[in-house]
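Q: One structure, pasted below without further comment.
The values are calculated or read from the model by the stated rules, or taken from the named source; none is laboratory data. What you see is a predicted model; the values in this text were computed from it and never measured. Side chains included, ligands, DNA and RNA excluded: accessible areas come from the protein's heavy atoms. Shrake-Rupley method; radii C 1.70, N 1.55, O 1.52, S 1.80 Å.
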Amino acid sequence: MSCLTPHEPLILFHVGTALAEGRDIKDAVQGWWKINHVRASTYDLVLAKSSNRIVGAFRPSPGSWHQRDDGRWGFASVYAYDVWDDYVGKTVPKRYRNQAPFQYLEP
């Protein structure tokens, strides 16, 4: 199995806990995060990781970031089928294997 190699700027979201609770991958990655929504809204690709594997790829819908009462942010997205095979199923390199809720990655 090959390792993740970013081909464009992306946000890598850790969704393992949400998946263990039975949530859907898309629902888990779309929110809710303590994130700088201004910076996050400049990224056109988000990946979901669980157990150091990429389990989903999504394109945030433009202008969809919205805040919940507790200050956390979420967004709407569509499946990123255009890059799905490039990312989903890949392992996460050791340098990105931390338990941070999310990471900004550049190519």
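Q: Before I look further, what does the chain give for accessible area per residue, probe 1.4 Å, in whole square angstrom?
A: With the other protein chains kept in place, the chain gives 54 Å² per residue.
Q: If you restrict to DSSP beta bridges whose two residues both lie in the chain, what percentage is antiparallel, to the nearest 5?
A: Restricted to the chain, the bridges split so that about 75 percent are antiparallel.
Q: Where the centroid of each part is defined by its Cα atoms, how far is the stretch 1-57 from the stretch 70-107 in Å?
A: 3
Q: If I histogram all Cα-Cα distances within the chain using bins 10 Å wide from 0, what percent of pairs lands in each bin?
A: In order of increasing distance, the bins hold 15, 53, 29, 3, 0 percent.
Q: Checking a compactness column here: for the stretch 64-107, what do you get for Rg(Cα) / (2.2 N^0.38 Å), N being the number of residues?
A: Against the empirical 2.2 N^0.38 Å value, I get 1.51 for the stretch 64-107.
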